[in-house]
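Right, one structure below, let's go through it.
What follows is calculated from the coordinates using simple rules that are stated; it is not laboratory data. Being a predicted model, the structure only gives us computed values, none of them experimental. Here Cβ is always computed from backbone atoms with ideal geometry, including for glycine, and neighbour counts include all displayed protein chains.
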């Protein structure tokens, strides 16, 4: 492989890892800071991807569209629709124990998949949506992916900044207090359910934006394009490896896990082509075993939980 | 038409009920949702395929061996994973069970491949009752009889034996059960064994009715949880009832909505239950 080849592969790798980092930051907002159990990440991902694709594309006879909105509006819409969905799922479940939310999020992810598959007028069904516009397409020649990587990095930076800001604010302190001891927070008269819901909805917003980025980068989305449980599971591994309630760890965990996951692709790539199905299965088994080992032996992840000061940055 | 759907619903419902009993007991005793339950079901069905089709054993023997092996797999999961994670946040145990689910499903995929498999190739002619009002296949009669037998066996076990009573007591209130001198570790192992057997039975009966695929159990996970929540977490009788309600509603729903949205029915019932009475019909307060 030439140097240019390696470089362009690296950029490609970083874009995907970066999109996963957005997802991990989002999950950290929900799980790390608020203790919420979301295993339907793929659902919010898909809603974001489809929303942004439909909003930005020109008219198409195959599915709903023709809005032709700019990229940035597409991403915003992706985030908003995704958080709206989170709000609806949260109403019956967020006041209950965390496992109920887990089951409900799996359910909603499954229903979203069914809707995408069956409502062809909206999503073109199993054939998927293709030719999703890329922002400023054609402007950077062969360096286009580098430009897209900049956008991804910008989104990560923005979400990282807002997450840190939020968690160090009075709002974040109450959120962390709820996670530690819900009863105490209730006793001082705070509405626990509202804080949890806000964290859930904010996380879902980020997931929607991440889904939008994915759609615009790959230009093509379909219900079969990615395996929902696999994607959800990878994000969880990323969060656990990075250490829950640690934004920096989340980002590192995402890049590291994506590296390992891509590495297993090289490994199984050495098998003959006839064994493609088996190779894919072996990859998932390997990453699954890897997670179990981490859970059993290093539950706090690489970086552990970040110690946030009990004094907000504004007071200092 | 409605009568036929009702019958199909009872068949699906008894399969869901068998899987849900174990899920509910584990949920009640160990306090976590076991997300690998659907995939254990798949594993049981494929074990039976191994014995019946690949090794040519009679069906009843394949059934027993597969149930025993699945029970072993469930105990193994507890031994290497869940037992060590017990003291931790329940989300960690649950995510570990999601990992176990993916590992099991991909092992099945690795050994048996993605294509649909069948216990027998011959196509059965349904028995027609009442001038075509009702059609039922011989296999489906066997499913109903087997499911009913197992449910009665579970009932006798839970109400008559010391071990069964201990299980119910632990699911009801684990601290109180410990005070009365129940050997909780032993009961936990037996709960996994029983869940394994029932889950394998559910998987085998489902495959007997339709066919085997690596995602068959995963696709049933949501109905299983819906049945558990509807009946009340920790209540085996609630799970049986919940399973029947979910199965019948899923099949009958095709009268009103597209069959493609069948899985959404279980979800809707579950959400309604969570809004109205989160503790379920026969459960305790959450």
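A few points about this structure:
- Rounded to 10°, Cα long-axis angle of helix B:2-30 versus longest principal axis of chain B: 20
- For peptide B:100-108, the mean count of partner chain Cβ atoms within 10 Å of a residue's Cβ comes to 6.
- Whole-number Å³ per residue for the convex hull built on Cα positions in chain B: 132
- Ordering B:252-262, B:92-102, B:68-78 by mean Cβ neighbour count within 10 Å, with the highest value first, yields B:92-102, B:68-78, B:252-262.
- Against the rule of thumb 2.2 N^0.38 Å, how large the Cα Rg of the protein assembly as shown comes out: 0.98
- Peptide A:294-300, shielding by other chains (average Cβ, 10 Å cutoff): 3
- Principal-axis tilt of helix A:192-218 within chain A, Cα atoms, nearest 10 degrees: 10
- Value of relative contact order over chain B, rounded to a whole percent, pairs C-alpha under 8 Å and six or more apart: 37
- When every Cα-Cα distance of the stretch B:165-215 is counted in 10 angstrom steps from zero, the calculated P(r) takes the values 23, 35, 20, 18, 4 percent.
- Rel. contact order, % - alpha carbon contacts under 8 angstrom, at least six apart, chain A: 30
- Highest GNM mean-square fluctuation among B:196, B:33, B:130, for chain B modelled with Cα contacts below 10 Å: B:130.
- Remark: A:264, A:2, B:199, A:56 ranked as A:2, A:264, A:56, B:199, counting other beta-carbon atoms within 10 Å and listing the fewest first.
- Ranking of B:149, B:180, B:191 by neighbouring Cβ atoms within 10 Å, starting from the fewest: B:180, B:149, B:191.
- Look at B:84, B:37, A:63 and count the other Cβ atoms within 10 Å of each Cβ; fewest to most, that gives B:84, A:63, B:37.
- Cα long-axis angle, helix A:41-56 against chain A (0 to 90 degrees, to the nearest 10): 60
- Coordinate range along principal axes, alpha carbons of chain A, Å, largest first: 57, 44, 38
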